1. Which residues, taken from the stretch 380-402, are under 16 Å from I465 (Cβ atoms) and open to solvent by 10 Å² or more (accessible area, probe 1.4 Å)?
2. Do we find a residue being closer than 18 Å to K325 by Cβ, of a type in the set (V, I, T) and more than 22 Å from the chain's Cα centre (by Cα) anywhere in the stretch 391-399?
3. From (1) touching a residue at least 60 places away in the same chain (Cβ under 8 Å); (2) farther than 18 Å from D275 by Cβ; (3) open to solvent by 30 Å² or more (accessible area, probe 1.4 Å); (4) in contact with a Phe, Trp or Tyr (Cβ under 7 Å, 6 or more places away or on another chain), pick out the condition that doesn't hold for N220.
4. Between a first residue in the stretch 378-397 that is over 12 Å from I328 (Cα atoms) and a second residue that is open to solvent by 50 Å² or more (accessible area, probe 1.4 Å), which pairs have beta carbons less than 7 Å apart while being 6 or more apart in sequence or on different chains?
5. What is the residue count in the stretch 249-289 for residues that are small (G, A, S) and crowded, with 17+ Cβ neighbours inside 10 Å?
6. Would you mind finding the one in G117, G174 that is free of Cβ contacts under 8 Å to residues at least 12 places away in the same chain and under 18 Å from A216 (Cβ atoms)?
7. Let me spell it out: the conditions are (1) of a type outside the set (V, I, T); (2) at pLDDT below 90; (3) open to solvent by 10 Å² or more (accessible area, probe 1.4 Å), and L70 meets all of them except one. Which number is the exception?
8. Specify the residue that is farthest from L280 (Cα to Cα); the eligible residues are those in the stretch 300-335 that are crowded, with 16+ Cβ neighbours inside 10 Å and of a type in the set (G, A, S).
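The values are calculated or read from the model by the stated rules, or taken from the named source; none is laboratory data. What you are looking at is a predicted structure, and each value in this text was computed from that prediction instead of being measured. Note: ideal-geometry Cβ built from the backbone for every residue, glycine included; neighbour counts use all protein chains shown. Please note that ligands, DNA and RNA were not included when accessible areas were found on the heavy atoms of the full protein model with its side chains. Shrake-Rupley method; radii C 1.70, N 1.55, O 1.52, S 1.80 Å.
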Amino acid sequence: MYSSKFILFSLLLLVLLTLLAPSISSDLDLSDDDVEGLDELIALDEEDENTEGARPSEAEFVSKAQRIVLELNNDNTKRAIDGNEYVFVLGYTPWCVRSAELMPKFAEAATALKELGSSLLMAKIDAERYPKVASNLEIKGFPTLLLFVNGTSQPYTGGFSAEELVIWARKKTGVPIIRISSDAEASHFLKKHSMFVVGLFEKFEGPDYDEFTKAAEMDNEIQFVETSNAEIAKHFFPNFKQTNIFLGLVKSEPEKYTEYEGTFTTDGILQFLNDNKFPLITLLTELNAARVYSSTNKLQVLIIAEHDDFKKLVEPLQDVARKFKSKIMFIFVDIREDNLAKPFLTMFGLEESEDSVVISFNYSSSLKYMLESDATPTNIEEFSSGLLSGTVSPYYKSQPIPDNKNMSILSVVGKTFDELILNSPENILLEIYTPWCITCETTSKQMEKLAKHFKGLDNLIFARIDASLNEHPKLQVDDYPTLLFYSADDKTKPTPLSTKSSTKELAALINKNLKAQDREIRDEL
């Protein structure tokens with residue numbers, strides 16, 4: 001039932017997700033050597049003369065990538081996709097920074113997959129050079145990753161490190177689980193993977209193992225490992241307790257080892273991973289933003305602060321986060337990262353804030369909250385408890401209360417909406433606008449004329465509210481500008497007036513509503 005005051009909230013999140021979901025972390029700084037290598041990778045069909053003067057390791061890497069990654073063009077694209085069961089395609093443009101950041105990772109993943117014996121064909125297409133081919137492949141943004149299975153494409157849904165690219169590609173091409181049979185294999189695996197699921201099964205069969213396998217196939221992000229050797233399981237998971245069946249999650253975080261204690265069902269295992277795959281406090285980056293926003297944990301607490309200020313809080317906050325594990329997701333956002341922090345601050349009217357801010361979003365109810373006190377671990381813990389118990393009130397933006405003395409049109413803000421609109425004994429015509437609305441200026445001028453025309457009418461008040469800076473749970477708006485007539489005898493169902501009407505037509509509509517109200521009063525008498 002919540003109103004379109006949350007349209008801004010939804011749009012900002014949509015814009016943020018649109019920008020970040022296909023993007024690569026800005027933390028992936030490219031050195032000069034990386035850029036030189038990238039220039040060579042962009043033209044994979046060129047001769048090895050491009051690698052002249054490069055260091056042997058770099059030349060070897062580029063040479064491998066040239067042999068492994070196919071550069072698609074007008075002539076070979078259809079043949080490549082129709083002639084291979086699996087084709088992993090990267091759509092890019094030379095001028096796209098995120099494409100440049102992803103390119104070395106894609107080449108590294110291609111090399112790793114080749115070494116693993118994968119039959120997957122890795123390919124890429126310069127969408128600027130071959131726009132028609134890219135369009136036929138339905139590549140619209142950059143970079144775009146698509147997996148073609150027997151000619152039919154599916155979007156990439158994994159992370160953007162080389163390891164994550166490899167994990168996702170192997171799972172989608174029939175290798176959801178890696179079987180480990182020796183300590184040497186285990187040691188080799190540990191050098192390459194920072195997060196994984198380990199399963200111990202005396203025999204690789206039975207209902208529990210079937211559920212484990214289904215979970216491995218359905219998960220897109222985490223590598224699954226299986227073994228029948230308890231000593232190998234202990235190599236992966238030192239806290240392993242001797243048993244015939246075991247499942248645990250390993251990650252490079254303070255809570256490095258987490259044992260699964262539920263029954264072996266696909267849904268149970270996947271929920272366990274969703275509850276535990278993120279750190280106790282997740283650092284939001286462009287790299288992981290899409291995964292964070294799509295988390296099944298819909299109640300999130302964000303600490304937006306300077307990195308140095310957060311470092312002072314991180315250890316006690318991990319203890320707080322541990323108490324609310326699987327119930328609340330805790331996220332740190334560096335306030336200096338405008339692309340990440342600014343959209344959230346804007347939703348709370350805090351665009352210029354330089355102080356630490358603690359906010360929360362409940363994506364199930366579309367409500368947002370803000371900690372009104374200092375960002376201390378104790379206050380954050382109390383705030384989190386209140387979110388779960390329902391004792392914390394939702395936050396609605398509001399400008400400071402204005403001085404409306406001698407104003408022909410009252411300025412309404414979030415804090416005065418109840419007093420001036422819902423609890424007022426008079427009829428009210430409310431104009432709802434935003435600064436970026438193209439047609440709002442015309443409506444505002446009409447309001448000025450109407451206010452002058454009806455001046456002296458005691459039972460009619462003109463008012464306006466800036467919906468970009470003010471919110472209220474009872475303010476329901478679908479478009480801007482909007483004109484609402486609140487009848488003195490019923491403020492629960494305002495009457496919308498057409499903003500496409502002329503000033504004369506609006507005046508007639510106002511009179512009509514006032515007369516209808518008078519008739520109702522006479523009828524009651």
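1. Hits for the stretch 380-402 are Y396, S398, Q399, P400, I401, P402.
2. No, the conditions are met nowhere in the stretch 391-399.
3. (2)
4. If the second residue must be open to solvent by 50 Å² or more (accessible area, probe 1.4 Å), the pairs left are N379/S373; K397/L469.
5. 1
6. Among G117, G174, only G174 is free of Cβ contacts under 8 Å to residues at least 12 places away in the same chain and under 18 Å from A216 (Cβ atoms).
7. Every listed condition holds for L70 apart from (2).
8. A305
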